[in-house]
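Shown next, in structure tokens, is the structure this report addresses.
The values are calculated or read from the model by the stated rules, or taken from the named source; none is laboratory data. Note that the structure is a prediction, hence the values are computed from the model and not measured. Backbone-built Cβ (ideal geometry, glycine too); neighbour counts: all protein chains shown.
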Amino acid sequence: MTDTATLDASFPLLATHGQPRFADVRADDIVPAITAAITDHQAAMAACVARAGDPAMLAFKEEADRRISEAWGVVGHLLAVTNTPELRAAQAQAQPLIAAHFAAVGQDRALYEAIRAIDPAALDPLAARARELALRDFELSGVVLDGDDARDFADNQVEQGRLATEYANAVMDATEAWSLHVTDAGRLAGIPEADLAGMAAAAQAKGHEQGWLITLHAPVVVAVLTYAQDRALRHEVQQAYATRASDQGPNAGEFDNGPRMAALLALRAKAAELLGQGDAASLSLATKMAESPDAVEAFLTDLAARTRPLAQAELADLAEFARSELGIDTLEPWDMGFATERARLARHALDQSEVRRYLPLDRVLPALFGHVERLFGVVFKEVPGSGLWHADVRQFDLFRAGADAPFARLYADFFAREGKRGGAWMNVCRSPSRAADGAQMPVAYLITNFAQAAPGKPALLQHADVVTLFHEMGHCLHHLLGEGDMPSIGGISGVEWDAVELPSQFLENFAYDPAVLKAASAHEETGEPLPDALIERLKAARGFMGALAVLRQIEFALFDIRLHRAAADAPDVQGLLDVVRAEVAVMRYPAWNRFAHAFSHIFAGGYAAGYYSYLWAELLSSDAYEQFAAAPERQAELGAAFRREVLSQGGGRPAMDNYVAFRGGAPDPGALLRVRGLAA
Ligand SMILES: [Zn+2]
């Protein structure tokens, strides 16, 4: 492709073939390279418009889109794993350029018409799907609106962005506005030393000569509600936390998000109407796997009916424990975390540091690879990498059994270090594609933040780390086993958002499988595998008080979906929440509780009418896992089917079609609770 030639010279990572050289990217090169990438992409889009209706134009556009998004992806990746002031400055300078460019492309009516003019019958099925999704995304960005509607829609989007930012800021300001200075150590009895040290440091930082500062930052709130023996203190902290940015509590009315929620919901309803989508819930679901708001509600109410009796039993059991062991006559919301932790200690005491001594990374990783090979027929081989971003990074090539040439590559960066963002994630380095000069194999990043090994010792993982590793590997396989060659729907690209967590949660379940755990473990001194008793304890701890946790998720999700179906005018947010709680919850909430006012996921975080996705994907992954668990002798056969119908399809086919093709039908609605160990 001649129109992207400038890029290859200026940005070593964009050579389509061969070894990417991350180490050669200099911060100074980023703005010129991204500017060149934008210029190239603009030229390519103009060329697409000139080729309106040409079926071959679509692959040309896909390749141009792939190149710019992968160039930008490399910048984001480097910023996340090797954050330096220079990189940060370069990224901050390039970011608005990219954002403005993509916004302009999304509003390019001529480009939309050029793609729409392609006869889908002239395309192969994958290209036809890529065309359909591209047109859908254009339409949802309002490109086909005219006149007043176009102006209203554009204003609506700006106003939504402004209100969402205000909402998030109000939550942040309300969080910062409250604190409690405690000087009597007795009030903090039960809170672990590490948490107390943080509270003491916070007090010093605020100019107090002594004592501890309790704030509304999540780790502090969790520490108080889980461990503080002082019930009045728990009550006070819970009340301050659950009334943030509302008309209730210690800062009532000061940061109240109530009017912002009403305005946001009205704007979302209006945008849906302009786009011809009925209501905001339907608009959200237009890009998701669930077919309708009714389907989501049916899923949630069915799951609630299954979960409620189990949660009621858990609550009764916990109340009895609190009465007899803790002297708490009536369990209140601010007792739940505390009583649950005490009951956990009494019944499922599990020494995670002992488990950790059995889980060296050097043992866990080959066990994971072996398991993936058994399930999906994929062989991982570590190969020496060069030009990577850090000496710790490891490179693995993926082979089909018996093949000489790899079909995909994985970069793994396991350990925490300075300048590396916390948490764990998978990201796309390259998507599979059929470039003009040949096919390109998919490449993914697997990033975790495991603790570095002590000097002279092997790196040991917590069991939670093993779960994380399996989870991220599931995402990686979803991308790397993708067989389509249209980048916009290859690997994880174009996969509906409520289906993305299916492969990751599926693989996560095997981190509790006794056979896998045996293979993954070797005690650091004796070399013995994990004893059966410890494995049993890990599994029991997983389901402890789990129905109450599932029910809370159902409550949030049902509230979210109903809220986005409600009429645009003056939605009664609190009234709707009260109705959902009366229907679903087993724990009663105090009248001052204002959960919605700080529910940033749906008001400021992209989860609007999408919070159900967590449970939705978990049901699919649980149902898939049960097929494997029920028939260990058929794992290779089931694995081949899962690979063929789900993993390799990527976004090339609707996720529900993928799943039904694997399973031969819809998922069993009881699977989620059973896999969590919660069945009656
Ligand atoms: Zn995930």
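Mind listing just one residue for me: the one in the range 595-611 that is free of Cβ contacts under 8 Å to residues at least 60 places away in the same chain and in a helix (DSSP H, G or I) and, of those, farthest from residue 217 (Cα to Cα)?
602
Is it the case, given these coordinates, that residue 350 is farther than 19 Å from residue 587 by Cα and in a loop (DSSP other than H, G, I, E, B)?
yes
Can residue 323 be described as modelled with pLDDT under 95, outside any loop (DSSP other than H, G, I, E, B), out of contact with any helix residue (DSSP H, G or I) (no Cβ under 7 Å at 6 or more places or on another chain) and surrounded by fewer than 20 Cβ atoms within 10 Å (Cβ to Cβ)?
Against the criterion (modelled with pLDDT under 95, outside any loop (DSSP other than H, G, I, E, B), out of contact with any helix residue (DSSP H, G or I) (no Cβ under 7 Å at 6 or more places or on another chain) and surrounded by fewer than 20 Cβ atoms within 10 Å (Cβ to Cβ)), residue 323 does not qualify.
Checking residue 587 against (1) assigned to a helix (DSSP H, G or I); (2) more than 18 Å from the chain's Cα centre (by Cα); (3) closer than 25 Å to residue 311 by Cα, which test does it fail?
(1)
Looking at 142, 53, can you tell me which residue is crowded, with 19+ Cβ neighbours inside 10 Å, of a type outside the set (Val, Ile, Thr) and not in a helix (DSSP H, G or I)?
142
Just to be sure, is residue 439 under 29 Å from residue 76 (Cα atoms), touching a residue at least 24 places away in the same chain (Cβ under 8 Å), surrounded by fewer than 22 Cβ atoms within 10 Å (Cβ to Cβ) and away from the ligand (no atom under 14 Å from the Cβ)?
Answer is yes for this residue.
Please determine whether any residue of the range 550-561 is touching a residue at least 60 places away in the same chain (Cβ under 8 Å) and within 16 Å of the ligand (Cβ to nearest atom).
Checked against the condition, which is being touching a residue at least 60 places away in the same chain (Cβ under 8 Å) and within 16 Å of the ligand (Cβ to nearest atom), the range 550-561 yields at least one hit.
Kindly evaluate residue 521 against the criterion of being more than 12 Å from the ligand (Cβ to nearest atom), modelled with pLDDT of 95 or more and of a type in the set (Ser, Thr, Tyr).
Yes.
Suppose we filter 187, 136, 129 for residues that are closer than 30 Å to residue 339 by Cα and basic (Lys, Arg); which single one remains?
187
From the list 464, 408, 391, 424, which one is more than 16 Å from the ligand (Cβ to nearest atom), surrounded by fewer than 21 Cβ atoms within 10 Å (Cβ to Cβ) and either of a type in the set (Gly, Ala, Ser) or within 25 Å of residue 651 (Cβ to Cβ) (or both)?
391
Going residue by residue through the range 656-666, is there one that turns out to be outside any loop (DSSP other than H, G, I, E, B) and either touching a strand residue (DSSP E or B) at 6+ places or on another chain (Cβ under 7 Å) or of a type in the set (Val, Ile, Thr) (or both)?
The answer is yes; a qualifying residue exists.
Please state which of the following conditions residue 451 fails to meet, knowing it meets all the rest: (1) out of contact with any helix residue (DSSP H, G or I) (no Cβ under 7 Å at 6 or more places or on another chain); (2) within 16 Å of residue 643 (Cα to Cα); (3) away from the ligand (no atom under 16 Å from the Cβ).
Only one criterion is unmet by residue 451, namely (2).
I want to confirm something. Restricting to the range 514-538 and keeping residues that are surrounded by 14 or more Cβ atoms within 10 Å (Cβ to Cβ) and charged (D, E, K, R), which single residue is farthest from residue 461 (Cα to Cα)?
My answer is 537.
With in contact with a helix residue (DSSP H, G or I) (Cβ under 6 Å, 6 or more places away or on another chain) and either surrounded by 19 or more Cβ atoms within 10 Å (Cβ to Cβ) or part of a helix (DSSP H, G or I) (or both) as the only criterion, which of 195, 173 stands out?
195
Which pairs turn up if I take residues in the range 471-494 that are over 9 Å from residue 652 (Cα atoms) and among the β-branched types (Val, Ile, Thr) and look for partners that are more than 15 Å from the ligand (Cβ to nearest atom) and in a loop (DSSP other than H, G, I, E, B) with beta carbon separation below 8 Å, at least 6 apart in sequence or on another chain?
Final answer for the pair search is 492/482.
How do the pairs read when you match residues in the range 313-324 that are in contact (Cβ under 8 Å) with a residue 60 or more places away in the chain with residues anywhere that are loosely packed, with under 14 Cβ neighbours inside 10 Å, using Cβ under 9 Å and keeping only pairs 6 or more apart or on different chains?
Filtered contacts from the range 313-324: 313/680.
Within the range 614-636, count every residue that is modelled with pLDDT of 95 or more and closer than 30 Å to residue 334 by Cβ.
2
Of everything in the range 642-655, what is surrounded by 24 or more Cβ atoms within 10 Å (Cβ to Cβ) and assigned to a loop (DSSP other than H, G, I, E, B)? Give them in sequence order.
649
Identify, from the list 119, 149, 108, the residue that is in contact with a Leu (Cβ under 9 Å, 6 or more places away or on another chain), among the charged types (D, E, K, R) and in contact (Cβ under 8 Å) with a residue 60 or more places away in the chain.
The match here is 149.
Would you please list the contacts, defined by Cβ atoms under 8 Å and residues six or more apart or on different chains, that run from a residue in the range 253-278 that is free of Cβ contacts under 8 Å to residues at least 40 places away in the same chain to a residue that is small (Gly, Ala, Ser) and assigned to a helix (DSSP H, G or I)?
Sorted first by the residue in the range 253-278, then by its partner, the pairs are 272/280; 272/282; 278/272.
Report yes if some residue within the range 448-458 is under 27 Å from residue 649 (Cα atoms) and touching a residue at least 24 places away in the same chain (Cβ under 8 Å); otherwise report no.
Yes, there is a match, as at least one residue in the range 448-458 is under 27 Å from residue 649 (Cα atoms) and touching a residue at least 24 places away in the same chain (Cβ under 8 Å).
Filtering the range 371-386 down to residues that are out of contact with any Phe, Trp or Tyr (no Cβ under 6 Å at 6 or more places or on another chain) and over 20 Å from residue 641 (Cβ atoms), which residue is surrounded by the most Cβ atoms within 10 Å (Cβ to Cβ)?
385
Find all pairs meeting these conditions: Cβ atoms under 7 angstrom apart; at least six residues apart or on different chains; first residue within the range 420-434 and at positive phi; second residue within 16 Å of the ligand (Cβ to nearest atom).
So the pair list comes out as 423/449.
What residue, among those in the range 473-513 that are small (Gly, Ala, Ser) and within 20 Å of residue 611 (Cα to Cα), is nearest to the ligand (Cβ to nearest atom)?
That would be 504.
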